[in-house]
Every structure is written in C-alpha cells, then in structure tokens.
Amino acid sequence: MRMSSSVWLGLSILIVVLIRPLAAADPKWEPVTPAELAEDKPQIEPEAAVEILHYRMEIEKSPSSDNMIRLRNGMYGRTFAPISKTGVSRSMRFKIYDPIRAIDVTRFVRLWRDTENREYEIMARLTLPDGTSQTFSKDDLRKRNVLEEGRRNGLLGFLGRSYDSDVEETFLAITGVVKGAVLDVWEWERERSMYGWRMNTIQRVDVPIRQFEYVSRNPADRKIKHRCFILNPHGGKMSSDEKTNQVTFTAQNLPSIRREPFAAPDTYNSLTIIETDESLERVVTRRHPFKVPLPEMVPFSLGPWAGFSTQKDLEDSDLGFVTDRVQKKASELVAGTDDPKEKARRIYAFVQTLYQRFRNRADLEDTFMRYVEDIEELVNLDKIDSTIIREPDFHYFLVGLLRGAGLECHTAIHPLRSAFPFQVDLISEQFLPFRSVVVKAGDDWILCNPTSDIPRGFGMKPWTVEGVPALMAMPRQQAFLNIPSLAAENSCAETSMDLDLDADGNLQGRCTRTFTGHEAHKVRERLRQTRQELWWIYAASLFDLDDSSSEVRLLKVEGLESPEEPVRMHATLNWPSYAPMLNNRLMFVLSILQAGQPPLLNESKRTTPVFFQYPKIDKSTVVVRLPQGYRPGTLPKPIVSSTGDFAYVLGATYDSEHGALRVERSSINRAIDIPVEKYAQARDWFQRVCVADQIGIALTRQPGNAPSK
C-alpha cells in the first residue's frame, strides 16, 4: 500500500520537528566593526599577543526528571541523579596582535576516545584588516590517531578489548592569520551528563577576555533543585529569572592566567562556574530491612548540611549495624589491649587487609549477582561468591567493628584540596566526593581510609583532604572537623651516602634513600604502577640525580609490604669527574644531591599563589673518604637559616684519622601555600639556599704524598 504525497509531507515535517531540537543551529556571525579592525594594541595586558573581545557561552539542558539513574554507590536515602543531554555552544571573537605568538590560539584541538558520542561542530571566520573574510567549517577538520590499541581477532579479541584505549585527535587550524585580523570561532557540542554536575573554568592561558557572558537555561522541574556557584567572580554579576529558569553571569576585563611552577588548580584563580542538579526526592532503597529507626525531618535551621549529615549517619548506623557476629570479631581483634588507639589500629589493619584481598580476587570481578546483605559477611570474605561488594561496604564494616569495640566513630565526607577551594556555602554533595572514617582515641580524632588502592598506615590520610574541613556524619547537626596537614617531620626523604672519591675526581659508593609519610606513599604508588624490572629507570629521579651525569643502579627496595614502615631504596652511585681538577686541587661541592640544581622558586614574578602538596623535610648525611694524601682546606662555618615556614642547615666536618669528610644538610618546608604578596621574600630565601648548596671546597694534596690510583 503506497502512501500519498500528503502523508509523506506530513511525516517529513514531523521528522524535521523531532530532529531539529537535537541539532545545533548555525552561527549568526556578528559584523566586525571598523574600530575592531583598526585596533593595534591590546587593552588589558600590554604584552598579550591576542585578546578575546567577546566570549559567550550558552548551556541548554533537556528535560531530565523522567530519566533518572541511581548513583553507583547508592545506599539508603541516596538521591537519584538526572541523566540529561546538554547542548553547549561557545562563541569567541579574537583580536590578533602578534600572529607568531597566537599560533596556539588559532589551532583548535579535541581528543576523542572511540566510545564517545561525537555530537560536535565547529566553524570559524577570519576577517583581515582590509575587511575581506574567509570561513572555515567542519569540512576543514583534520583527523589523526594518537593512540591505538593492538587487538586480537575473534572472540578473545572482542572480550579483551578495553573500549577506552583508542584516541583520535581532530583539529581545525586557521591559516592566513595576520596582525590586526579578527577571528570568530563558534563551537557546539552535545554532552550527556549523568551526575547533574558541570564545571567550567573560563580564563585562558595568556589570553585576556574583555567581555564574558554565560547563559544557562534549565527545564522547569519541581523535582530537581538547580544551583549555580561562582568561584573567583572577578567582579562579575549573576542574575536569574525564575520564570524562564535562566541563569546569566557577566564579567569584564578578565586577565589571562599563567602556567607557573607549583601552581594550584585553575579553580583557585580562574573564574569558575559550577552548576549542580539534585533531586528533591530522596528515594529510600531496601537492600535489607532497616535495623535502626529512620530519622525525623531535619529542619534547615540546623544548618544547610544537617540533612545530608543525618542521612550519612543513618547509613553508618544501619549498614554498619553491630550484630552479634561483628561484636565477637571486634572483641577478638582488640583482645589484650585497653588502649583505644591500639584497638582502632588493629581493626583498621584488619579491614584494610580484607579490602586489598578483595581488590585482587578475580572470582569477584565478573560474576556479580547480589549485594552484601550484612557487613558480617565480610568477616569471611573468601566465602563470598557472585556478590557485589562496594567500597562503602568496607567503610561500614570498619564503623561496625569500631563501635563493636566500644569506640566512637563516624563517617567523614571530604572535599578535595586538589580540585577546588572549598567553602561551607558550596552546598551540594558533589563538593564532598571523598569518604573516610574518623575514630576517637582519647581526646584525638584519627582519620583513616581502609579502601586506598595503595595501603596507608593507620591515621595516614591523602594530602588531598588535608588543610580543608570534613563533614562528620552526625544526626541532626552540621559539624565540620578541621583536617590539618601532616607535620613536615612525618613526611621525610632522607639520604645517607657512604662514598669514595679518587684522585681523578670520580665519586662512587653506596647510598640509601628513606621515605616516610606522604613521601613514602608517593613512592609506593609510583612503583606499584611500574613493572618491577623497570624500577631501575626511576632510581636516579628518586635520588634527585636524574639531571646529573651520575649513574645510579638500584639494588633493592624495602618496606613495600607494610604501610606502617618507611620505604628504603638501596643503590650504588657512580659519578665520573664529580670533582674537577683545578690548579692541582680537586674542587668539591658539599651538597652532592643539589649540585648544579636551580632554586626551588626561581621566577622573578608570580601571578598566582604557590601551591605545595604537603609540608616535608629533605635531609642527607654524606660521608666521603678522600683520596690518599688529600685533605680539605678551610671548611665553611655551619649555615643555619630560617624564615617563617622554612629552615635550612648545612655543615661539614673532617675526620683526619680516617681521611673522611662528613656533610649534613636538611631543608624543612612547613608551608602548603605562599601568597603572591609573600612570594618575593620566599624566592629570595630559596635563592640564598641554592647559593649555599653550591658552596665548594678545595681538596689539596699534601706535600710528599703522591696521588693513589
């Protein structure tokens, strides 16, 4: 049966109507004014090679309340996050002042993995100073593979494929750019957001922005709470229209940002816009019957985080319910001690060991069929088959065992210092992505995380949660716990060297590098990610000698088995011509590990605060046996210097009986950041330290002593 032409026409119109909202509209180019073409100098930053005259970003979200998904770690009372398709368009007008230095700005690159849905379009228009223009479209896009995984054919190749392996680069390079030209660029892409979270950092490296406009349109939905947060607004203004559900933010004269050593994430300095969507309906799921009463309604007057804190406390109490079996296991673990800290340490070590066994069990990876019903199942982890066990289950198990041992403990939910500067008024659980358990031992709260991929010692926490407050899961209250940074003395890299120097200036011997605290965890993580037969490649860098002409050969590594122990790396050192001959004297630099290295802070100017991961100490003790007949001239007086959070000590002594020179050095950094206004003072101090590190002495041969070979 054939359709009439009118039916076909109706279907065509319907298809167009249905498809049109999913496609991007072509850009409407605004005319370039004569004044814009006539400009010959940047207005915001005199040294800028290019400025953005106007930058507009538009966010258009599709309705999502009927398309929800439970979060992967969903437990009792968790929200259901909206799945939405979001159209994002960016239109930018660049004014070119120096085409050579603007090359990176005129090349638009995107990296795609082979699983990504590439709903993406880009167009550009280049207007020359004489008014002529040229348009570049998707037909001018170039593609190339930058990473491709080799695959086996057949079923094994299909099953063994990792679908995020292949990476393709698409780029649009604008040609014909000259001084004074104006470049308009329009990009559009469709994003699929599953977690109701979008973050945009606006400012660009070396490119200031004169006018910025951000427009976000959200569908009307009484079940979804939409919030918009502005970090580092730079004097901008935000407005919202409840009738149209539109949020608008405008700003002017945004400076460029720079990539500087020891820089914080861009969210600390750049204008950053974060939007969150959260369901107002909290769906209570039942993996097993509740064992504790549901909490009462939590009024907002108790604090904006009080409801979330109460929900987490419910999970602690219900999912971490102390059964008779859990109580018995806790009693077994703490038998023989009355010290609360020792009790907590034993229980933590037990749960962490279980988690590491779980991570390495192949039989639990591909046959998930049911959830853990009670935490007491984890007591006999090896008997659990075909069961979904999630990281939070181990947290609840730790809570149950600690409470079974009579200790007060709670879940702690953290922001990440490595992501953005947290403020208490950033009210969304998306800002608290990290979970740990905090237990009270005496007057102290000890924080521990049993599910770290690289095991941590009891009380050892990631540096990313230090220096920021953590929300404690407590009923009907909002209580933040201050998480201080670990003291510098607890994160130490210490080197001991026993070396021989020959008459030709060659230095060789044995050395040991010992790491504790965060330094030890960093080494464990680095070595865990590397095959053992390749560890020797990193030996020089771990001894801070990768930029020298020395040869470092790794002998062995100790302390990887126990997270409570330091990591020790033993190696041999061979440094040809370390001490050059000058006027029949060997010139010897005392600080061997720092010989020839530049200051830690060296740039003359700084636009952003210095961002250190954690406080630490670096110290070394070096014993060098001098060649026969040689002895040092006048040794420098010990150097002891300190200012604020920094301290430095360097001293040398000579043992004439054994012909050995002993050098001791230590450098302490107790800071986690340095404000811009204090940068010059800190830089000057590090430069003085660098000068001290390059102090050399002359080794002279005594009369009547021939050099030994």
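A Cβ distance below 6 Å, combined with a sequence gap of six or more or placement on separate chains, defines the contacts here; from region 320-341, residues that are more than 16 Å from Cys448 (Cβ to Cβ) reach residues that are open to solvent by 60 Å² or more (accessible area, probe 1.4 Å) and of a type outside the set (S, T, N, Q) in the pairs Phe321/Lys291; Val322/Arg403. Condition check: part of a loop (DSSP other than H, G, I, E, B) and over 19 Å from the mean Cα position of the chain (by Cα). Does Gly505 satisfy that? So Gly505 passes the test. Could you tell me which residue of region 31-52 is nearest to the chain's Cα centre (by Cα), considering only residues that are exposed (fewer than 13 other Cβ atoms within 10 Å of the Cβ) and not β-branched (Val, Ile, Thr)? Here the residue is Glu47. So in region 578-630, with the set limited to residues that are assigned to a loop (DSSP other than H, G, I, E, B) and among the β-branched types (Val, Ile, Thr), which one is surrounded by the fewest Cβ atoms within 10 Å (Cβ to Cβ)? Among residues in region 578-630 that are assigned to a loop (DSSP other than H, G, I, E, B) and among the β-branched types (Val, Ile, Thr), the one surrounded by the fewest Cβ atoms within 10 Å (Cβ to Cβ) is Thr607. The conditions of being within 28 Å of the chain's Cα centre (by Cα), assigned to a loop (DSSP other than H, G, I, E, B) and modelled with pLDDT under 90 are met by Arg259.
Flag: Ala330 matches the condition of being open to solvent by less than 40 Å² (accessible area, probe 1.4 Å) and farther than 30 Å from Arg198 by Cβ. Counting only strands (runs of 3 or more DSSP E) wholly contained in region 28-139, the ones carrying 1 or more residues that are among the hydroxyl-bearing types (Ser, Thr, Tyr) and modelled with pLDDT under 90 occupy 84-96, 120-127. For region 355-382, a tally of residues being assigned to a helix (DSSP H, G or I) and modelled with pLDDT of 75 or more returns 12.
Taking Phe434, is it over 23 Å from Pro563 (Cβ atoms) and either touching a residue at least 60 places away in the same chain (Cβ under 8 Å) or surrounded by fewer than 24 Cβ atoms within 10 Å (Cβ to Cβ) (or both)? Against the criterion (over 23 Å from Pro563 (Cβ atoms) and either touching a residue at least 60 places away in the same chain (Cβ under 8 Å) or surrounded by fewer than 24 Cβ atoms within 10 Å (Cβ to Cβ) (or both)), Phe434 does not qualify. Within region 226-254, residues that are more than 18 Å from Pro421 (Cβ to Cβ) and in contact (Cβ under 8 Å) with a residue 24 or more places away in the chain sit with their Cβ atoms under 9 Å from residues that are loosely packed, with under 15 Cβ neighbours inside 10 Å and among the acidic types (Asp, Glu), at 6+ positions apart or across chains, in these pairs: Val247/Asp241; Thr248/Asp241.
Do we find that Glu564 is closer than 30 Å to Asn449 by Cα, assigned to a helix (DSSP H, G or I), open to solvent by 10 Å² or more (accessible area, probe 1.4 Å) and in contact (Cβ under 8 Å) with a residue 24 or more places away in the chain in this structure? Spelling it out, it is not the case that Glu564 is closer than 30 Å to Asn449 by Cα, assigned to a helix (DSSP H, G or I), open to solvent by 10 Å² or more (accessible area, probe 1.4 Å) and in contact (Cβ under 8 Å) with a residue 24 or more places away in the chain.
Return the only residue of Arg526, Arg435, Arg476, Arg510 being assigned to a strand (DSSP E or B), touching a helix residue (DSSP H, G or I) at 6+ places or on another chain (Cβ under 8 Å) and not aliphatic (A, V, I, L, M). Residue meeting the stated conditions: Arg435. Set side by side, the residues Arg222, Arg227, Arg190 differ, and just one is more than 28 Å from Ala264 (Cβ to Cβ), modelled with pLDDT under 90, surrounded by fewer than 18 Cβ atoms within 10 Å (Cβ to Cβ) and out of contact with any helix residue (DSSP H, G or I) (no Cβ under 7 Å at 6 or more places or on another chain), which is Arg222. Of all residue pairs spaced 6 or more apart or on separate chains, those with beta-carbon atoms under 8 Å, a first member in region 175-190 that is closer than 13 Å to Phe108 by Cβ and a second member that is charged (D, E, K, R) and assigned to a loop (DSSP other than H, G, I, E, B) are Asp184/Glu30; Glu189/Glu119. For the criterion of being touching a strand residue (DSSP E or B) at 6+ places or on another chain (Cβ under 7 Å) and either of a type outside the set (D, E, K, R) or modelled with pLDDT of 95 or more (or both), Ala412 passes.
The values are calculated or read from the model by the stated rules, or taken from the named source; none is laboratory data. The structure presented is a predicted model; accordingly, all values stated were derived computationally and were not measured. So basically every Cβ, Gly included, is an ideal-geometry build from the backbone, and we count neighbours across all protein chains shown. Accessible surface areas use protein heavy atoms only, side chains included; no ligands, DNA or RNA. Shrake-Rupley method; radii C 1.70, N 1.55, O 1.52, S 1.80 Å.
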